[in-house]
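Let me begin by presenting the structure, written as structure tokens, before commenting on it.
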Amino acid sequence: MRRLVVLIGLLAATGTLACNNGESPIGPGPIPGPNSTINYRSIGASDAIGFGSTAVCTLFADCPNGRGYVQVATRELRARGFTVNQTNLGIPATVISRRVQDLGAQYGHQTFGNFLEQQAPHITTDTTLVTIFAGANDVNTVTSALGGGAGAADQTGF
């Protein structure tokens, strides 16, 4: 779990590199002014495209009626007067890192990539907002590994 928290922190730090000409901020950026533009990138798995909601969206498409958190957040920001350029980087069945992806492959749990390699590199320098939702596929992968014998006599420690 500690490694997962560190990886999430690293992923979040990757997204903050787009701020202040490459300088890492020491805290949240300023609140955007009224009628300004927000360049929003979302990192996630099937949740980012609204899988499980009443209106699933296709990858990389504008989805004005989507019911996932990305689409709802985009609509809410637009309703408050912001111009929102949203790029949804979510890919179903992805996990946070190569290590978790490899663990899944080792124990027969299919994943389609990971956030650090397939999504984080697409956070552009003009990005002003990043959301990251991770964990569900990672938990499923670790659970599959445990069910397959990972951890042997010390599954709690695994």
Along Cα→Cβ, 7 Å out, is where each label goes; now give me the distance between the ones at Ile31 and Thr156 in nm to one decimal. 4.7
What do you get when you divide the Cα radius of gyration of segment 88-139 by 2.2 N^0.38 Å, with N the number of residues? 1.19
Whole Å is fine, so just give me how far the alpha carbon centre of segment 37-86 lies from that of segment 87-158. 21
Compute the accessible area per residue over segment 65-156, keeping the other protein chains in place, probe 1.4 Å, unit Å². 53
Solvent-accessible ranking of Tyr40, Tyr69, largest area first, probe 1.4 Å: Tyr69, Tyr40
Taking 122-128, 87-93, 73-79 and ranking on average Cβ neighbours within 10 Å, highest first, one gets 87-93, 73-79, 122-128
Give the accessible area for Val56 in Å² (nearest 10); use a 1.4 Å probe, count only protein heavy atoms, and leave out ligands, DNA and RNA. 80
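The values are calculated or read from the model by the stated rules, or taken from the named source; none is laboratory data. Predicted, not measured: the structure shown is a model, and the values here were computed from it. Glycine also receives a Cβ, built like all others from the backbone with ideal geometry; neighbour counts cover every protein chain displayed. Note: accessible area is taken over every heavy atom of the protein model, side chains too, but ligands, DNA and RNA are not part of it. Shrake-Rupley method; radii C 1.70, N 1.55, O 1.52, S 1.80 Å.
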